[in-house]
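**Q** Submitted below is the structure of interest, expressed as structure tokens.
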Amino acid sequence: MVEGTPQRPAVRDVAPVVVCDGLVRVYRSGTGEVQALRGIDASFHAGTVTAVAGPSGSGKSSLLRMVAARERPSAGRLELLGQDVSLLRARALRDLRRRTVSFVEQRSSRGLFPHLTAIDQVRQVAVLRGMRDVDAREVLAGVGLVDRATHLPRTLSGGQQQRLAVALALLGPPTVVVADEPTAELDHANADVVLAALRRAASAGSTVVLSSHDEHALAGADRVLRLRHGVVSSEQVPHGEALAMLDSTGRVQLTGPALSLFTQGRARVTVEAGRVVLSPPEVGS
């Protein structure tokens, strides 16, 4: 956990805010199709921070865009606040997204107003979200940017733009906060500032989902979903326990040392005293 952040809440026994059920995302281009997500089963609850990890090309950004309802699934079911995203008309989906979701892109400058100073950015977003009496300087102080209040985005470093984009995304706070690599351009000290801000949003009731390659950032999450080839390969929960994922068809995703034992791509399955045991088959079997 990041030092100085509020205590993590327990996951509540309530309906999740976002549900992914067999989620598939296929991108089509002139050269063919790319299946970015191959059947994701996951749910995201209010008051929690979920980190999504995995190598480049594993589907992290695609999953985050799904969770943020910025794209519709090619197959499977995606629910946001109990509504099936695939069944919503374009206008209804846009309205739902505007009311409930904040999204921080990898290129954070895309979410900024190029002609407004940092403090005016905060004021403008507050007006757009119907917020009154917002202390814009306090918002900037929350991400360590109060000394850049009168600067335009083009005069801010990439890391400062990233922190400003996060500050704007957290105004409200919104029901769902999705941040794609929000600490990618930050040193550990400034990353801790951003992670603490995301934690405060979760403590206020937001559902926070972020992606990262940085183990330092992942350590501040309530759980970590690790993706591999477009599927969730494992889920790491508090106290360091790693859970293998079991989908609705009974397929288990193994990673790391466990996967390396099964060089033939097959496993022997036995049930012993109420436990399912997977072991490599005998050579030649």
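The values are calculated or read from the model by the stated rules, or taken from the named source; none is laboratory data. In this text the structure is predicted, and so the values were computed from the model without any measurement. FYI the Cβ positions are ideal-geometry reconstructions off the backbone, even for glycines, and counts take in every protein chain you see.
**Q** Taking region 104-119, which residues are of a type outside the set (Phe, Trp, Tyr) and in contact with a helix residue (DSSP H, G or I) (Cβ under 8 Å, 6 or more places away or on another chain)? Quick ask: steps written out before the conclusion?
**A** Let us first name the residues in region 104-119 that are of a type outside the set (Phe, Trp, Tyr), namely 104-112, 114-119.
Correct list: Val104, Glu105, Gln106, Ser108, Ser109, Gly111, Leu112, Pro114, Leu116, Ala118, Ile119.
**Q** Which of the residues that make up region 169-185 are hydrophobic (A, V, I, L, M, F, W, C), more than 17 Å from Arg98 (Cβ to Cβ) and surrounded by 21 or more Cβ atoms within 10 Å (Cβ to Cβ)?
**A** Ala179
**Q** Mind counting the residues in region 200-220 that are buried (at least 19 other Cβ atoms within 10 Å of the Cβ) and modelled with pLDDT of 95 or more?
**A** Total meeting the criteria: 8.
**Q** Confirm whether Pro16 is at pLDDT 95 or above, out of contact with any Pro (no Cβ under 6 Å at 6 or more places or on another chain) and assigned to a loop (DSSP other than H, G, I, E, B).
**A** So Pro16 fits the description; yes.
**Q** Quick check: is even one residue across region 58-75 touching a Phe, Trp or Tyr at 6+ places or on another chain (Cβ under 6 Å) and either surrounded by 14 or more Cβ atoms within 10 Å (Cβ to Cβ) or in contact (Cβ under 8 Å) with a residue 24 or more places away in the chain (or both)?
**A** Yes, region 58-75 contains a residue that is touching a Phe, Trp or Tyr at 6+ places or on another chain (Cβ under 6 Å) and either surrounded by 14 or more Cβ atoms within 10 Å (Cβ to Cβ) or in contact (Cβ under 8 Å) with a residue 24 or more places away in the chain (or both).
**Q** Would you mind listing the strands (runs of 3 or more DSSP E) fully within region 187-241 where at least 3 residues are over 13 Å from the mean Cα position of the chain (by Cα)?
**A** It comes to 231-236.
**Q** Name the pairs whose Cβ atoms lie under 6 Å apart, with the first residue in region 12-33 and under 20 Å from Thr175 (Cβ atoms) and without any contact (Cβ under 8 Å) to a residue 24 or more places away in the chain, the second charged (D, E, K, R) and part of a loop (DSSP other than H, G, I, E, B), and 6 or more positions between them or separate chains?
**A** Within 6 Å, no pair qualifies.
**Q** Here is a check on your reading of the model: is Arg97 farther than 24 Å from Ser203 by Cβ and either part of a loop (DSSP other than H, G, I, E, B) or not acidic (Asp, Glu) (or both)?
**A** no
**Q** Restrict the check to region 77-85 and report whether at least one residue is modelled with pLDDT of 95 or more and assigned to a helix (DSSP H, G or I).
**A** Yes, the conditions are met somewhere in region 77-85.
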